[in-house]
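What follows is calculated from the coordinates using simple rules that are stated; it is not laboratory data. Just so we're clear, the structure is a prediction, and the values are computed from it rather than from any experiment. Please note: Cβ atoms are built from the backbone with ideal geometry, for glycine as well, and neighbour counts cover all protein chains shown.
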Amino acid sequence: MSVFELHGLKLLSLSSNNYSGSIPMSAFQNLRNLSYLDLSYNRLSIDVTDTDISSISFPTFTTLKLASCNLMEFPDFLKNQSSLIELDLSKNQIHGKIPNWIWKATSLEHLNLSQNFFVEFQRPLENITSNVRFLDAHGNQLQGQIPILNPYDVFYLDYSDNNFSSILPPHIGDSLRSASFLSLANNNFHGSIPRSICNSTSLDVLDLSNNSLSGPIPQCLFQMTVSLGVLNLSGNNLSGIISDTFPESCKLQTLDLNQNRLEGKVPKSLGNCKMLEVLDIGNNQINGNFPCHLKNIATLHVLVLRSNKFNGHIDCPGNNSGWSLLQIFDLASNNFSGKLHLSGLGTWEAMRPNQDKNQSKLKHLMFDLLEDDDQYYYQDAITVTIKGNELELVKILTVFTSIDISCNNFEGPIPEVIGKFNALYALNFSHNAFTGSIPSFFGKLQQLESLDLSSNSLRGEIPLQLANLNFLSFLNVSNNKLVGPIPTSTQLLSFSEASFENNAGLCGPPLKTKCGSSPAKEDSPSDSETGSSIEWNLLSVVIGFIFGLGIIIVPLIYWKRWRIWYFERVDRALSRLVPRLGRETKKHGRRVKQNQRRRT
């Protein structure tokens with residue numbers, strides 16, 4: 001029996017299977033009792049082009065989910081669905097305008113139109129009295145004016161990843177007094193953040209990231225953290241300071257201010273946010289010493305301070321029991337100096353192996369909007385530098401661990417506590433002034449995938465223990481003072497010559513320098529250049545010798561007067577050196593002269 005013959009069917013959910021083929025929407029017209037239909041996330045193509053609403057009577061749906069069903073146009077039959085509560089048309093190929101008649105469905109509360117090709121809202125938009133509480137329109141090509149629905153009913157509003165390019169409505173906060181989630185991220189909104197945004201006192205999540213917003217951050221936004229759980233203003237042109245107005249009852253879990261033009265110091269009151277999990281203030285102009293007052297935030301998983309103007313040592317006095325959950329620690333591109341005292345910052349338990357961890361239940365850092373509904377949440381994201389490249393982690397696994405202190409002025413030996421971080425995935429100590437040898441305890445970091453120690457003053461040999469790192473896929477120890485042979489393991493030989501270059505004493509594959517030969521001096525010419533120089537020098541000497549010899553011999557052969565004059569000079573020189581030989585030479589000389597006269 002076909003499913004279309006089950007006339008008493010009320011609920012049909014076939015989502016997330018591998019069904020394929022094309023189904024006309026009119027095929028459901030005989031299922032008069034059907035109120036819940038979910039065909040999402042298959043390989044089906046739902047055809048709505050034959051649905052003439054004047055001739056076909058459809059079931060009265062309360063829930064209709066057609067996500068990822070290859071829809072090409074907005075289903076026209078929905079005009080007559082007066083009882084529809086939830087409509088999901090996401091991840092299709094619907095073009096054109098969002099019809100304004102959809103707001104007239106008085107029962108509609110949940111509308112998901114995300115990831116289509118909508119370009120605008122059909123006008124007029126004034127006096128919308130829709131009861132929609134959840135509107136997700138992210139991932140389209142929407143532009144123009146953003147419609148604000150019933151200000152007392154909207155709970156969830158997502159206009160992110162579109163082409164909006166206006167200023168934010170001055171009274172946007174007054175229109176969203178009941179909103180819990182507002183995301184306008186990844187558009188091109190410009191101008192300042194209106195102070196009315198602070199009137200949205202029910203907000204749990206506010207994401208205005210990756211726009212062109214400018215000016216200072218309204219001070220009241222930081223005061224809103226008494227209820228606000230996520231504040232993401234990254235990727236804008238915001239300036240000024242981070243106001244020191246975080247309340248004592250701060251409930252903030254994520255604060256992302258990365259890539260703005262903020263300056264000043266990290267406010268002391270930020271330490272009041274005892275629930276903070278993600279703090280990213282990288283790529284600004286923030287200065288001062290290391291913010292030791294954040295060490296008491298036991299819930300912190302991610303700390304990003306990279307590319308600012310921090311300076312001084314990072315040795316924090318006092319209790320070292322904090323930061324047991326810290327998994328991403330990024331201080332790169334600042335002016336920190338002195339020895340690296342990581343053990344003085346906390347216990348770093350997240351960097352150590354834990355046999356009790358259930359790896360089959362991998363978790364992500366996220367903010368649940370509704371505790372009893374996992375459908376609505378905010379996904380934290382972060383950008384890390386790993387394996388020499390920037391990588392955006394859209395989902396931050398709680399088992400991912402990374403330390404990046406590159407491009408600072410740290411000195412002294414690499415701290416021994418690193419050898420206990422067996423759960424570490426990525427380590428970047430490059431472009432500092434570390435001395436001493438590469439510690440053998442690196443061989444214990446069995447989870448390590450990326451290790452960058454380049455551009456320091458490390459000496460000695462590369463420890464054999466590095467060959468034990470089976471997961472290591474990126475290694476860079478270039479620009480140090482290392483010596484000796486590179487360990488001949490399959491793991492280390494898989495890296496390019498660039499990973500080991502500019503270490504005058506290193507030898508062996510993958511370098512061209514063979515072990516046992518004299519190491520090449522810095523700035524010395526290559527072997528081919530040296531050989532070429534020697535050949536030219538020798539040739540010059542030979543040519544000069546032949547030329548000089550020719551100047552002497554040729555006249556002696558062809559000019560008699562020169563020949564006589566030459567031999568007389570030789571005889572005189574010899575007579576002075578050997579007197580007896582001189583007398584005999586004189587007699588011989590007379591005979592020669594006499595003979596010459598007789599001939600003449």
- Query: Nearest 0.05, what FRET efficiency do Leu493 and Gln446 give at R0 = 22 Å with Cβ-Cβ as r?
  - Reply: 0.65
- Message: In whole Hz and in residue order, list the ³J(HN,Hα) couplings for the stretch 441-454 that follow from phi through the Karplus curve 6.51 cos²θ - 1.76 cosθ + 1.60, θ = phi - 60°; x for Gly and Pro.
- Response: 5, 4, x, 7, 7, 5, 8, 5, 10, 9, 9, 10, 10, 5
- Query: Counting only the backbone N, which residues of the stretch 432-469 are under 11 Å from the spot 7 Å out from the Cα of Asn422 toward its beta-carbon?
  - Reply: 444-447
- Relative contact order of the stretch 435-521: what whole-number percent is it, with Cα pairs under 8 angstrom and at least 6 residues apart? 25 percent
- Note on the structure: Here the net charge surrounding Asn186, from other residues whose Cβ is less than 12 Å away from its Cβ (Lys, Arg +1; Asp, Glu -1), is -3
- Item | Per-residue HN-Hα couplings for the stretch 411-418 [Karplus 6.51, -1.76, 1.60; θ = phi - 60°; Hz; x = Gly/Pro] | 9, x, x, 5, x, 5, 4, 4
- Hey, got the dipole for the stretch 435-521? About the Cα centre, +1 on K and R Cβ, -1 on D and E Cβ, debye to the nearest 20? 280 debye
- Amide hydrogen neighbours beyond the local backbone of Gly191, cut-off 5 Å, H modeled: Ser214
- Task: Could you give me the radius of gyration and the Dmax of the stretch 21-83, taking only the C-alpha atoms into account and expressing both in angstrom?
- Result: 11.0, 30
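Fewest to most neighbouring Cβ within 10 Å: what's the order for Ile281, Ile167?
Ordered from fewest to most neighbouring Cβ atoms within 10 Å, Ile281, Ile167 come out as Ile167, Ile281.
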- Report the FRET efficiency, 1/(1 + (r/R0)^6), for Ser227 and Gln122, where r is their Cβ-Cβ distance and R0 is 45 Å, rounded to 0.05. 0.80
- Item | Too-long pairs where the Cα-Cα distance tops 31 Å, listed order kept, from Lys295/Lys481; Lys295/Lys444; Lys10/Lys91 | Lys295/Lys481
- For the residues Val226, Val302, what sequence is obtained by ranking on other C-beta atoms within 10 Å, fewest first? Val226, Val302
- Item | Label point at Ile56 placed 7 Å out along Cα→Cβ; residues across the stretch 10-24 whose backbone nitrogen lies under 13 Å | 23-24
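Could you order peptides 19-29, 171-181 by the average number of other Cβ atoms within 10 Å of their residues, highest first?
Descending mean neighbour count gives 171-181, 19-29.
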- Between Leu262 and residues 5 or more places away or on another chain, the pairs with built amide H atoms under 5 Å apart involve Gln285
- Query: Taking a label point 7 Å from the Cα of Ser214 along the Cα→Cβ vector, which residues of the stretch 231-257 have an amide N closer than 14 Å to it?
  - Reply: 236-240
- First measure r as the distance between the Cβ atoms of Lys10 and Trp101, then evaluate 1/(1 + (r/R0)^6) with R0 = 30 Å and state the FRET efficiency to the nearest 0.05. 0.65
- Query: Quick one: if you take sqrt(5λ) for each eigenvalue of the C-alpha gyration tensor of the stretch 435-521, what semi-axes come out, biggest first, whole angstrom?
  - Reply: 20, 14, 11
- Query: For Cys507, which sequence-distant residues (separation of 5 or more, or a different chain) have an amide H within less than 5 Å of its own amide H, given hydrogens modelled in the peptide plane?
  - Reply: Gly484, Ile486
- Query: What are the ³J(HN,Hα) values, in whole Hz, obtained from phi via the Karplus relation 6.51 cos²θ - 1.76 cosθ + 1.60 with θ = phi - 60°, for each residue of the stretch 304-316 in sequence order, with x given for Gly and Pro?
  - Reply: 10, 10, 4, 6, 10, 10, 5, 8, x, 7, 10, 7, 9
- Query: Where does each of Glu390, Glu277, Glu497 land when they are ranked from fewest to most other beta-carbon atoms within 10 angstrom?
  - Reply: Glu390, Glu497, Glu277
